[in-house]
């Protein structure tokens, strides 16, 4: 049976970097009971002055690209730099939360054994929006508990990447060492929002293919990049042979240093916080309408009427709001 | 002084394809008076059974790419195919609505002189969201009045393109005949959602550059395209010399024929209508909150508190909703 702590106990434990309290607080944040939600909001309010001091890095890439291996090796590197690391998963379909592949479990176990490393998979069965909102809150709890480097893992169809983009300082896109026609699966929308690209598995017989892929992406990106953005860097790496990870770590640091220098880092962070407030406000305003059972039946009925062109979308809204 | 018609007069006039009534109905749709809004919703409800029978094409591109010239020449082509054409502008900063360039006015005048052509610039001074919403309604009025080919013009930073994408069957992206480093300005996000690309001004000394640009885009797109989408076609054209427009017209027709065959055309249309209802519902639910004067002051105050980390985003929302 889980013990509910008091607000002071949560705050004290997190401020003291007690991992057991942090885990309990995350459980509280993820709870759907009204009392827990009330308490979790008060907890966040109390922790606000302590947040914002970490580097937040999003890592995204399609299944099979080697995300778990990359994050594990990269996490070890971060750990070797004496930085307290927390790894969070956003997407419920990610290998981290499914844990269906034995190899992943072993590798994550590697990371978990290190001191000052905290790994939190996302709760299964939640929808993306929900998980993303909770992940943001979990991120703040980790910062308040003194974690200095946060890795937010995501995999998905674009929506989860945008959610992650809105909570990190740097979004790293992992791509496989494929060339030519095999490159097809690439999502342009994700490149648009990523701050850096790493070609994974650049080892053994893949080295040449990885280099060629990096060159192709660089060339395509130089044509397709926007004016108002620094050129996205493309690097190759091998988590297996531990090659290229340090270079990626350094380039992320350089990016953040330059963003702090020109002030974008701070305006981005402020904007993310305020954006979060508006998102939450709009979510709650519409949610209270949409979650009403009698409204649900009405909405489904009006969808059919609109589809059949019996009523206009505006006419349906007028009736729904009366 | 503008005469207000009765609902029956509006409906009858539009069904009879009376352009004067259509214009008056558009003015009604664009009005912000509560009585006009009420009447316009009833009008849309009455016209719903008559909508959805046109081909809707969005045309987008950066300023200077030659959008007005393209639309004028393309519009003449559509007109020559005996199709009733309506041209609507979404973005308030578009050359059509600003009319700041003399050349544009003359060219649009060319189009306006043709029979069965209706050109409607967007009202100046409206924000994007507003214009986009009204454009959708104006589009329906035009369909109800028997227009068979609709061109929705937009220019912008991505947001207006997404709004247009959500109301058309085909989004055409116009790009300039530039090569190499000059291609930098290209927005990847817009390519992601476009159904076809045309390189403009492929005439005189630009022909080679236009061909080279088309080749570069084709190559970049073959690397960067998504799996789940048909390859986006890249064509060159000259509105000045009337070259390539017929090929673009045909490829749009082919795209729509294939989309009708596999059913995507209809599911897309149904989805757009239902999406429109939900957008409008959410807009009105949040708008009634955000437009309240006392709430505005509170929101601005909470933004500052959140930025200063005095309160969490969730804490601010809790207070705002109590």
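The values are calculated or read from the model by the stated rules, or taken from the named source; none is laboratory data. The structure displayed is predicted, hence computed values, not measured ones. FYI the Cβ positions are ideal-geometry reconstructions off the backbone, even for glycines, and counts take in every protein chain you see.
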Q | Every pair of residues 6+ apart whose Cβ atoms lie under 8 Å, when the first sits in the range A:309-322 and is at the interface with another protein chain (Cβ under 7 Å from one of its Cβ atoms) while the second is outside any helix (DSSP H, G or I) | A | A:309/B:51; A:309/B:52
Q.
Looking at the structure I just gave you, is residue A:63 within 17 Å of the chain's Cα centre (by Cα) and farther than 18 Å from residue A:135 by Cα?
A. yes
Q | Subset tally (residues that are modelled with pLDDT under 95 and touching a strand residue (DSSP E or B) at 6+ places or on another chain (Cβ under 7 Å)) for the range A:72-98 | A | 8
Q: Check residue B:274 against each of (1) touching a helix residue (DSSP H, G or I) at 6+ places or on another chain (Cβ under 7 Å); (2) more than 10 Å from every other protein chain (Cβ to nearest Cβ) and name the one condition it does not meet.
A: (2)
(Q) If I filter the range B:252-270 down to residues being within 14 Å of chain A (Cβ to nearest Cβ) and touching a helix residue (DSSP H, G or I) at 6+ places or on another chain (Cβ under 9 Å), which single residue comes out as surrounded by the fewest Cβ atoms within 10 Å (Cβ to Cβ)? (A) B:266
Q. In the range A:146-177, which residues are at pLDDT 80 or above and in a loop (DSSP other than H, G, I, E, B)?
A. A:146, A:147, A:148, A:166, A:167, A:168, A:169, A:176, A:177
Q: Mind listing just one residue for me: the one in the range A:216-251 that is touching a strand residue (DSSP E or B) at 6+ places or on another chain (Cβ under 8 Å) and either part of a loop (DSSP other than H, G, I, E, B) or at pLDDT below 90 (or both) and, of those, surrounded by the fewest Cβ atoms within 10 Å (Cβ to Cβ)?
A: A:218
(Q) If I go through the range B:288-308 residue by residue, how many of them are more than 7 Å from chain A (Cβ to nearest Cβ) and assigned to a helix (DSSP H, G or I)? (A) 13
(Q) Suppose the filter is within 12 Å of residue B:317 (Cα to Cα) and either out of contact with any strand residue (DSSP E or B) (no Cβ under 8 Å at 6 or more places or on another chain) or assigned to a helix (DSSP H, G or I) (or both); does residue A:285 pass it? (A) yes
Q. If you take the residues in the range A:18-35 that are in a loop (DSSP other than H, G, I, E, B) and modelled with pLDDT under 95, which one is surrounded by the most Cβ atoms within 10 Å (Cβ to Cβ)?
A. A:31
Q: Please find, within the range A:22-55, the residue that is nearest to the chain's Cα centre (by Cα) out of those that are closer than 28 Å to residue A:252 by Cβ and away from chain B (no Cβ under 12 Å).
A: A:55
